[in-house]
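**Q** After the structure tokens below, expect a handful of questions from me.
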Amino acid sequence: MDERLDYEAVRRYWDRVAGTAAAASYMAHEQGLPQSCVDDRFTFERKVVDRWFADLGPESAVLDVGCGSGAWTALFAQRYRRVVGIEQSAKMVAGARERLRGMTNVELIEGDCLRVPVEGQFQGAFFGGLLMYLNRDDAVRLLTRVRELVPDGRIILRESSARRRVEVKTGEYHVAYRSPEEYAAIAAEA
């Protein structure tokens, strides 16, 4: 990938759309989709994630990397003993704190997931669309780090993909859409 993502532009974008945090996770705010579309997609994806995390019991710990406004974090908190969500956008973290108020088994960490300290080990980790906002070398570094935190568990990547190996978009919205083959190569390298 010749073109590099500007992380400051990514952060500015997500801080700007955080007011629509519930829809932002599915980019529904960009497409003018109603909340019912977001709810339907979440329901469908939840069934898939449930199958992938089927071997996790209620005493498990799950790491939600790039947790955004906390939709997946809230679901995991209903099922598992400990959930840690990491998010860099202060405004998205504020939305997550509001959504997760009263859930005592959740810890939210505001900061760069490549650098913030995370305590303990986990039986599962979930990426709800974060790797597409990272340059390839940082995606490899992050997956390597998460593998150390989840040595024997499942790591789920819920990422948007592309037909070609990599499609980079810049401007107001910086993103790298990668093919499933490219994600597999990144995971193998990590």
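**Q** Rg and Dmax of segment 94-138, using alpha carbons, in Å: what are they?
**A** 12.8, 37
**Q** Take the Cα atoms of the chain, build their convex hull, and give its volume per residue in Å³.
**A** 118
**Q** log10 I(q)/I(0), Debye, Cα-only segment 44-121, no solvent, q = 0.17, 0.23 Å⁻¹?
**A** For segment 44-121, the Cα-only Debye profile gives -0.63, -1.09.
**Q** Now for a different question. Mind jotting down the distance between the C-alpha centroids of segment 88-137 and segment 141-171, whole Å?
**A** Result: 14 Å between the Cα centres.
**Q** Next up: So with the 1.4 Å probe, I'd like the accessible area per residue for segment 132-190, rounded to whole Å².
**A** Normalised by residue count, the accessible surface of segment 132-190 is 52 Å².
**Q** Residue farthest toward the positive end of the dipole of the chain, with Cβ of Lys/Arg at +1 and Asp/Glu at -1: which of Phe53, Asn135, His174?
**A** Phe53
**Q** Which FRET efficiency, nearest 0.05, do Arg101 and Cys37 yield, Cβ-Cβ r, R0 41 Å? Can you show the working numbers first?
**A** Values: r = 26 Å, r/R0 = 0.63.
Working from the Cβ atoms, E equals 0.95.
**Q** In the chain, with Lys and Arg counted as +1 and Asp and Glu as -1 at Cβ, which of these residues, Gly111, Ala74, Ile156, has the Cα nearest the positive end of the dipole, that is, farthest along it?
**A** The one lying farthest along the dipole's positive direction is Ala74.
**Q** To continue, here is another question. Which whole-number percent is the relative contact order of segment 79-190 (Cα, under 8 Å, 6+ apart)?
**A** RCO, segment 79-190: 23 percent.
The values are calculated or read from the model by the stated rules, or taken from the named source; none is laboratory data. These numbers come from a predicted model, not from an experiment. Neighbour counts run over all protein chains shown; Cβ positions are idealised from the backbone, glycine included. SASA here: full protein model, heavy atoms, side chains in, ligands and nucleic acids out. Shrake-Rupley method; radii C 1.70, N 1.55, O 1.52, S 1.80 Å.
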